Amino acid sequence: MAASLIIRTVKHEYIDDHRQLTRFCGEIAAATRIAFDTEFVSEDSYQPELCLIQVAAGGRLAVIDPLAIRDLGPFWELLAEPSRETIVHAGRHELCFCLQAIGRRPGALFDTQIAAALIGLEYPAAYGTLVMNLLGKTLKKGETRTDWRHRPLSHRQIEYALQDVVHLEPVQSVLRERLEALDRTAWLAAELYDWQTNVETAEFHERWRRTSGASNLGPRGLAIIRELWHWRDAEARRRNCPARRILRDDLMAELAKSATDDVQRIRAIRGLNRRDVQRHLAALAAAIRRALDLPDEDCPQPLSRTANRLQFNLLGQFLATALAGVCRVQQVAPSLVGSVDDVRDLIAHHLANSTSAGRSPPALARGWRAEVVGRVIEDLIAGRLAIRVGDPASEQPLVIEPRGERSP
């Protein structure tokens, strides 16, 4: 039966009053699992505007209207309790909404997108793809361009929103069963903890480092990016508009490369001669001057990554192919395990013996990633293993085997 037909037969509640919300949260407090999803609009405001929360818990479906209920504290506090699981799919925004509201994470988060990658499904997998692959159900499409700020919502809009949570618990059950069969529940717990930590750091600490083009800059250039980012962020917050409308990332990177506070030279940069930017030239120059005046020791350092050496690039590209093959054999999505940059970091770590310099091991040398691919790549680098072409027509044409041995 199609998901849309299932939703029509299940009673759902529309919660648009704080008393209703408090009562509903009290009634589902005994549930061991709460699945939820959100609808939001982000293109016109400084922060994404939360417009709808869909909840499935204890056999009940509900839609919570944040535009009518300004205090959603009871719901976020319920999620933060460690006694139950919170189920989401690709839940970065859901995690951020919770952190912004109460400053705490959900007590026990289960992200179906990450869990699916740990049993060998594609990453990142769409929710509809998982529902089809794991439950054999097809979700109804539509409403992808809905402006969720408009009220009243139609039956079709609510139906579309609810289908994003109605299957989360069944999907989680299948994923958990397969994770347990592969003995990977500990892997998921570790991955979700690290993922939440990384999201929290990226969203609430040193957000300026996410500026496109910043990763290729030195300390002084990063200092300029940081000052420009803080100016832009304050201006976007004041005007309640997306930061990119104030100043694009590529222009900030270009200013950092130019490293000048001369207004005429700043104006000469293509893209900075627009009328809406002209009034900010003095502020941009002041931000750059603050960065130029910083002592060297106060400039931010680039995040540790492998030096761009030819041999690291060649080995990284070559061994990344081996990584993908190993991941498929081990039933883990390669794109979750790591990138070519991660492979290069592992190569540099191995060749330079980075632990002796006090540096922490790279991602592929830690935790479950080391178990899946890290040790294999290290053995390939050390020459203990070799790669050859097996059956060129096979889905896995590369064979990794002990050096000097060749299977028939």
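Modelled with pLDDT of 95 or more, over 30 Å from A31 (Cβ atoms) and touching an Asp or Glu at 6+ places or on another chain (Cβ under 9 Å): does that describe A117?
no
Can you spot a residue in region 342-358 that is surrounded by fewer than 18 Cβ atoms within 10 Å (Cβ to Cβ) and at pLDDT 85 or above?
Scanning region 342-358 turns up no residue that is surrounded by fewer than 18 Cβ atoms within 10 Å (Cβ to Cβ) and at pLDDT 85 or above.
Which one of the conditions (1) surrounded by 14 or more Cβ atoms within 10 Å (Cβ to Cβ); (2) out of contact with any helix residue (DSSP H, G or I) (no Cβ under 7 Å at 6 or more places or on another chain); (3) among the polar types (S, T, N, Q) does Q54 fail to meet, given that it meets all the rest?
Against the list (1) surrounded by 14 or more Cβ atoms within 10 Å (Cβ to Cβ); (2) out of contact with any helix residue (DSSP H, G or I) (no Cβ under 7 Å at 6 or more places or on another chain); (3) among the polar types (S, T, N, Q), Q54 comes up short only on (2).
Would you mind finding the one in D164, D194 that is surrounded by fewer than 17 Cβ atoms within 10 Å (Cβ to Cβ) and either in contact with a Ser or Thr (Cβ under 8 Å, 6 or more places away or on another chain) or assigned to a helix (DSSP H, G or I) (or both)?
Checking each option against the conditions leaves just D194.
Would region 58-75 turn up any residue that is in the same structural domain as H155 (by TED's automatic domain parsing), assigned to a helix (DSSP H, G or I) and buried (at least 20 other Cβ atoms within 10 Å of the Cβ)?
Yes - at least one qualifying residue is present in region 58-75.
Could you please let me know if W195 is out of contact with any Lys or Arg (no Cβ under 6 Å at 6 or more places or on another chain), outside the structural domain of V41 (by TED's automatic domain parsing) and of a type outside the set (G, A, S)?
Taking the combined requirement at face value, the residue does not satisfy it.
Which helices (runs of 4 or more DSSP H) does region 86-140 wholly contain that include 1 or more residues that are among the basic types (K, R) and under 19 Å from L188 (Cα atoms)?
It comes to 92-102.
Which of the residues spanning region 86-104 are of a type outside the set (A, V, I, L, M, F, W, C) and surrounded by fewer than 20 Cβ atoms within 10 Å (Cβ to Cβ)?
R92, H93, Q100, G103, R104
In the set A223, A189, A202, which member is more than 25 Å from G338 (Cβ to Cβ) and in a helix (DSSP H, G or I)?
A223
Sort through R210, R232, R226 and tell me the only one that's in contact (Cβ under 8 Å) with a residue 24 or more places away in the chain and basic (K, R).
After applying the criteria, what remains is R226.
Within region 237-252, restricting attention to residues that are of a type in the set (A, V, I, L, M) and over 23 Å from the mean Cα position of the chain (by Cα), which residue is nearest to L292 (Cα to Cα)?
In this case the residue turns out to be M252.
Can you name the residue in region 205-220 that is out of contact with any Phe, Trp or Tyr (no Cβ under 8 Å at 6 or more places or on another chain) and in a helix (DSSP H, G or I) and, of all such residues, is modelled with the lowest pLDDT?
The extreme case among them is S215.
List pairs: first residue in region 300-323 and at pLDDT 70 or above and surrounded by 13 or more Cβ atoms within 10 Å (Cβ to Cβ), second residue assigned to a helix (DSSP H, G or I) and small (G, A, S) anywhere in the structure, Cβ distance under 8 angstrom, at least six positions apart or on different chains.
Hits for this filter: P300/A223; P302/S215; F312/A348.
Considering only region 45-86, how many residues are β-branched (V, I, T) and in contact with a Ser or Thr (Cβ under 7 Å, 6 or more places away or on another chain)?
Qualifying residue count for the region: 1.
The values are calculated or read from the model by the stated rules, or taken from the named source; none is laboratory data. On a predicted model such as this, the values are computed, not experimentally measured, just so you know. Glycine gets a Cβ as well: all are built from the backbone with ideal geometry, and neighbour counts include every protein chain shown.
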